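Encoded as C-alpha cells, the structure appears first; notes follow it.
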Amino acid sequence: MFVCPAITAAILVYKQDRTEGVKRLLARVLDYKRIKHKIWYIPIIFIIPLIGLLSYAILCMLGLPLSGVHTQWLELPLLFILFFISAAFEELGWMGYAIEPMQERWGALGAGLMLGCVWGIWHVIPLIEAHRSPAWIIAWFLGIVTARVIIVWVYNNTGKSIFAAIIIHAMLNVIYSFLPNYDASYVPGISGVLTTLAAIIVTFLWGSRTLGRFRYA
C-alpha cells in the first residue's frame, strides 16, 4: 500500500515529462543539497522525537500506566532504514507531486491540512484492520493531520526538499515505536495535541500562506 503514492506520481509525471521527469522525481529522494541552511536539520531530526519525549513526560506526570517500550534501542538503525524506505514511497507522491498545486490553490496551511486529511484517511482501513478503537483512530488522526502541516513547513523552508519530508515522516514511525502503551488511545491523544500545538506555533511564526516567512526576521 505504501508504494501507491510513488507509483501514481511516477505515472502522472511520465505522461507529462516522460522518462526524464520520472528520473528527476526519483532523484529527489536524496535531494539534501536543497537544504542550504543547515540549521533546518534541527527540526528535521529533532522536532518529532521532542514531541515524543514530551508525550512520555506527560504520561509519567499523569501517572498513567506504562508498560515499557515496544522496541529495543539496538533495533533503531534497522527500523529507521525500513521506515525511511516506506516514507520515501509515500512522500514522492504527497510532497513530490501533490503538494505544489495544492499550495498554489489553498496556500501552505490549507494544503497541509487537506493533504494531512488525505494522508490520514489513507491509513484508516489498515488501522481498523489492526483493531484500533474509534477513539484511538480519532486521536491519531488529529496528530497525523497537523504533522503534515509541520512537514510542509519544513519542506518550504528547505528549498522544497523531499529528503527533509522523508526524514520527518520516518521519525514519526520510529519514535512511536518507542512510546509505551501506544495501543492505548490516550497516548496518540497526548502526542496529537502536542503536534497540533507545534503546528499552531509554526503557523503563527511563519504565516499561514507560505509557512516560509518568519514573522520576526
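The values are calculated or read from the model by the stated rules, or taken from the named source; none is laboratory data. On a predicted model such as this, the values are computed, not experimentally measured, just so you know. Neighbour counts are summed over all protein chains in view; Cβ atoms, including those assigned to glycine, are modelled from backbone coordinates with ideal geometry.
What the table below lists for this structure:
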{"quantity": "Meets criteria (farther than 25 Å from Ile81 by Cβ and surrounded by fewer than 18 Cβ atoms within 10 Å (Cβ to Cβ)) for Ile200", "calculated": "yes"}
{"quantity": "Residues that are within 21 Å of the chain's Cα centre (by Cα) and modelled with pLDDT under 70, drawn from the stretch 52-78", "calculated": "His70, Thr71"}
{"quantity": "Yes/no for Gly159 being of a type in the set (Gly, Ala, Ser), surrounded by fewer than 20 Cβ atoms within 10 Å (Cβ to Cβ) and at pLDDT 95 or above", "calculated": "yes"}
{"quantity": "When residues of the stretch 16-36 are limited to those that are under 19 Å from the mean Cα position of the chain (by Cα) and farther than 12 Å from Leu92 by Cβ, the one surrounded by the most Cβ atoms within 10 Å (Cβ to Cβ)", "calculated": "Ile35"}
{"quantity": "Residue identified as touching a helix residue (DSSP H, G or I) at 6+ places or on another chain (Cβ under 7 Å), closer than 18 Å to Val187 by Cα and among the hydrophobic types (A, V, I, L, M, F, W, C) among Ala147, Ala108", "calculated": "Ala147"}
